[in-house]
1. Within region 1-103, which helices (runs of 4 or more DSSP H) (wholly inside it) include 3 or more residues that are in contact with a Cys (Cβ under 6 Å, 6 or more places away or on another chain)?
2. Which one of these is modelled with pLDDT of 95 or more and crowded, with 18+ Cβ neighbours inside 10 Å: C133, C90?
3. Among (1) among the polar types (S, T, N, Q); (2) closer than 16 Å to A28 by Cα; (3) modelled with pLDDT of 95 or more, there is one condition T83 misses while meeting the rest; what is its number?
4. Filter region 66-84 down to residues that are among the aliphatic types (A, V, I, L, M) and surrounded by fewer than 23 Cβ atoms within 10 Å (Cβ to Cβ) and give me whichever is nearest to the chain's Cα centre (by Cα).
5. Any idea how many residues of region 5-27 are within 13 Å of the chain's Cα centre (by Cα) and at pLDDT below 95?
6. Can you tell me which of L33, L46 is within 14 Å of I93 (Cβ to Cβ), surrounded by 17 or more Cβ atoms within 10 Å (Cβ to Cβ) and in contact (Cβ under 8 Å) with a residue 24 or more places away in the chain?
7. Among the hydrophobic types (A, V, I, L, M, F, W, C) and within 30 Å of T154 (Cβ to Cβ): is that true of A30 in this structure?
8. Among the candidates A99, A153, single out the residue that is closer than 27 Å to S52 by Cβ, among the small types (G, A, S) and surrounded by fewer than 20 Cβ atoms within 10 Å (Cβ to Cβ).
Amino acid sequence: MTVTVLGLCGNPKAGSRTLAVVDATVRAVASELGATSTGCLDLIDLKHELFSFGSEEIQRAIQQVMQAEVLVVGSPVYKASYTGVLKAFCDHIAHDQLAGKFAIPLMVGGSLQHYLALETHLRPLLVELGATCATPGLYVVETELDQLDEQLATYVGSIKRPFVDSVLDAH
């Protein structure tokens with residue numbers, strides 16, 4: 001079985017720095033696992049459908065999420081939490097619907113002072129949806145984006161084994 005990695009970006013700005021970080025993380029994780037990257041969903045592209053329950057466009061996006069074994073779920077820190085864009089999308093996912101999925105919670109923030117938003121807001125959301133989360137999540141400070149490749153190499157190497165293997169062995 002081929003493992004697939006999908007990114008979800010909850011930034012309210014299309015084509016954001018957060019999307020670039022999520023995309024780079026998806027590629028790094030896929031490379032480390034020998035998996036296939038299925039790219040990223042820039043959730044702001046669904047803005048006209050996010051509050052339309054049963055929307056075909058949202059259902060297609062959920063189907064993409066359900067086909068991936070590994071999810072990289074990213075948001076900028078916004079008002080000390082994740083964005084409404086990400087929350088609105090996740091409202092379409094049922095409790096425990098992500099059971100059996102490995103999720104990497106990821107946040108991009110202006111300073112380290114906002115790090116706890118990752119662990120106290122984004123992680124509990126993903127756990128509520130049933131995902132098994134990487135510990136710790138990945139927090140990227142905007143001023144350190146030029147060092148992202150090095151940060152990803154260290155981070156992805158630290159979560160790969162045995163945690164990821166135990167989740168993927170279940171498939």
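1. Working: elements: 17-33, 56-67, 84-90.
Where helices (runs of 4 or more DSSP H) fall fully within region 1-103 and carry at least 3 residues being in contact with a Cys (Cβ under 6 Å, 6 or more places away or on another chain), they are 17-33.
2. Of C133, C90, the one residue that is modelled with pLDDT of 95 or more and crowded, with 18+ Cβ neighbours inside 10 Å is C90.
3. For T83, the failing item is (2).
4. Pass one, region 66-84, residues among the aliphatic types (A, V, I, L, M): 66, 68, 70-73, 77, 80.
Next, from what is left, pick out any that are surrounded by fewer than 23 Cβ atoms within 10 Å (Cβ to Cβ): 66, 80.
Working: M66: 13, A80: 18 Å.
That would be M66.
5. Keep residues of region 5-27 that are within 13 Å of the chain's Cα centre (by Cα), which gives 5-11, 18-27.
Adding the requirement that they be at pLDDT below 95 leaves none.
Number of matching residues: 0.
6. On the way: L33 fails: within 14 Å of I93 (Cβ to Cβ).
None of the others qualify; the one that does is L46.
7. Numbers: among the hydrophobic types (A, V, I, L, M, F, W, C): yes; within 30 Å of T154 (Cβ to Cβ): yes.
Criteria met by A30.
8. On the way: A153 fails: closer than 27 Å to S52 by Cβ.
Every option except A99 fails the conditions.
The values are calculated or read from the model by the stated rules, or taken from the named source; none is laboratory data. Everything numeric in this text was worked out from a predicted model, so none of it was measured. Don't worry about glycine lacking a Cβ; one is built from the backbone with ideal geometry, like all the others, and counts go over all protein chains shown.
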